[in-house]
Amino acid sequence: VTFSEDNSRVVAELPTGESVQVLLHGATVISWKDASGDEKLWLSDAAKLDGSKAVRGGIPVVFPVFGTAPTHPQTKGLPQHGFARTSRWEFLGKSTSESAADDKASASNEPTVKLDFGLSSGSPGLDPVARAHWPFRFNLIYSVTLNPSSLTTSIVATNDGAESFECQVLMHTYLRVNDITKVEIQGLSNAFYTDKVDAGAVKTQTSTPFTIAGETDRVYTPAKEEGVEEEAAVTVAEQGRPKYRVTRDNLSNVVVWNPWTDKAQGMADFEPKDGFRKMLCVEPGAVGAWQAVEAGDAFEGAQTITLL
Ligand code: TA6
């Protein structure tokens with residue numbers, strides 16, 4: 001694994017050629033490439049990478065609130081999507097397994113690199129809005145794990161204080177696609193969703209194939225298959241060929257978002273303006289309900305995006 005770190009980002013490349021780039025601002029994954037250098041994440045040409053605002057693209061980390069919660073006493077003072085994506089995280093280190101020798105233990109036999117990032121109530125880089133409006137003692141560990149076929153991002157949110165807090169967690173992944181009009185989203189049929197375009201109406205995903213032909217902003221709560229522990233997978237196919245499989249661990253919701261023309265027009269950092277044709281947000285999260293974290297306890301959640 002080749003590895004480089006400067007004061008703004010961490011870059012890691014596997015011996016097989018895959019790479020990942022993580023900005024310390026927001027611990028935002030801003031690039032994930034396969035062995036041929038093909039970029040898997042969408043990043044706006046006008047994305048701010050200087051820490052002045054949340055990154056438009058890649059995988060912003062949403063914590064402790066998804067959207068805004070004006071009637072929620074603990075988080076009503078926070079900006080949209082909370083403060084994790086606008087704080088400067090610390091790089092805690094990396095662990096790799098790259099040669100077959102190392103892999104004797106793991107059956108995968110694949111080179112892997114894991115990058116760990118931390119943010120806590122005591123972090124110098126914590127967005128001041130957190131101290132002012134969310135005065136809980138917390139610690140976040142965010143891990144980014146790359147192997148030749150997948151990228152996993154996981155978060156552990158620990159309550160280091162004496163009083164419990166409630167939080168929401170989401171990984172706001174901007175997947176790159178070639179042409180959104182040729183994309184189909186599979187695995188959500190019959191799933192309930194709250195439609196944020198249609199003023200929060202609760203609906204059931206019935207139209208199959210699920211394609212995107214306009215502004216789409218839906219919070220899904222996919223049903224768990226009878227007796228099956230893990231969450232149902234969501235597959236993104238393009239021109240009939242499966243491209244990404246998104247699996248979730250302890251994240252019961254999936255947000256599907258595409259801003260389409262007007263919303264893209266309205267975002268200053270969304271460039272090019274027709275870039276919505278090249279992206280689809282599939283966002284695993286725990287956002288349908290508040291996750292209570294008791295003193296000393298932790299909430300853990302993860303997503304894995306597998307290249308198909
Ligand atoms: O994830 C969907 C969403 O909540 C949309 O409603 C839209 O607001 C999007 O997030 C982007 O939010 P941002 O604060 O990054 O502009």
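The values are calculated or read from the model by the stated rules, or taken from the named source; none is laboratory data. Because the structure is a prediction, the values reported are computed rather than measured. Note: ideal-geometry Cβ built from the backbone for every residue, glycine included; neighbour counts use all protein chains shown. Just so you know, the surface numbers come from the protein's heavy atoms only, side chains and all, with ligands and any DNA or RNA stripped out. Shrake-Rupley method; radii C 1.70, N 1.55, O 1.52, S 1.80 Å.
Considered as a group, the residues in segment 204-237 that are away from the ligand (no atom under 15 Å from the Cβ) and open to solvent by less than 30 Å² (accessible area, probe 1.4 Å) include one that is farthest from D34 (Cα to Cα), and that residue is Q205. Yes or no: R218 within 15 Å of the chain's Cα centre (by Cα) and free of Cβ contacts under 8 Å to residues at least 60 places away in the same chain? Considered against the rule, which asks whether it is within 15 Å of the chain's Cα centre (by Cα) and free of Cβ contacts under 8 Å to residues at least 60 places away in the same chain, R218 comes out as no. So which residues in segment 40-54 are more than 12 Å from the chain's Cα centre (by Cα) and either surrounded by 14 or more Cβ atoms within 10 Å (Cβ to Cβ) or at pLDDT below 95 (or both), if there are any at all? Selection gives K40, W42, L43, S44, A46, A47, K48, L49, G51, K53, A54. Taken across segment 176-190, residues that are closer than 21 Å to P64 by Cα and modelled with pLDDT of 95 or more do not occur at all. Assigned to a strand (DSSP E or B) and within 14 Å of the ligand (Cβ to nearest atom): is that true of W290 in this structure? Considered against the rule, which asks whether it is assigned to a strand (DSSP E or B) and within 14 Å of the ligand (Cβ to nearest atom), W290 comes out as no. Checking the structure you have, find out if any residue of segment 261-276 is under 30 Å from D160 (Cβ atoms) and either in contact (Cβ under 8 Å) with a residue 40 or more places away in the chain or not aliphatic (A, V, I, L, M) (or both). No, there is no match, as no residue in segment 261-276 is under 30 Å from D160 (Cβ atoms) and either in contact (Cβ under 8 Å) with a residue 40 or more places away in the chain or not aliphatic (A, V, I, L, M) (or both).
Among residues of segment 238-267 being in contact with a helix residue (DSSP H, G or I) (Cβ under 9 Å, 6 or more places away or on another chain) and more than 16 Å from the ligand (Cβ to nearest atom), the one that is least open to solvent (accessible area, probe 1.4 Å) is E238. Please enumerate the residues belonging to segment 64-76 that are away from the ligand (no atom under 11 Å from the Cβ) and either at positive phi or surrounded by fewer than 17 Cβ atoms within 10 Å (Cβ to Cβ) (or both). P70, T71, H72, P73, K76 - these are the residues of segment 64-76 that are away from the ligand (no atom under 11 Å from the Cβ) and either at positive phi or surrounded by fewer than 17 Cβ atoms within 10 Å (Cβ to Cβ) (or both). Looking across segment 77-98, just one residue is over 15 Å from P135 (Cα atoms), in a loop (DSSP other than H, G, I, E, B), open to solvent by 30 Å² or more (accessible area, probe 1.4 Å) and in contact (Cβ under 8 Å) with a residue 24 or more places away in the chain, and that is E98. Taking segment 178-203 as the range and being within 16 Å of the ligand (Cβ to nearest atom) and hydroxyl-bearing (S, T, Y) as the test, the residues that pass are Y193, T194. Yes or no: A157 modelled with pLDDT of 95 or more and open to solvent by 20 Å² or more (accessible area, probe 1.4 Å)? In short, no. Once segment 59-76 is narrowed to residues that are in a loop (DSSP other than H, G, I, E, B) and of a type in the set (V, I, T), the residue that is farthest from L14 (Cα to Cα) is T71.
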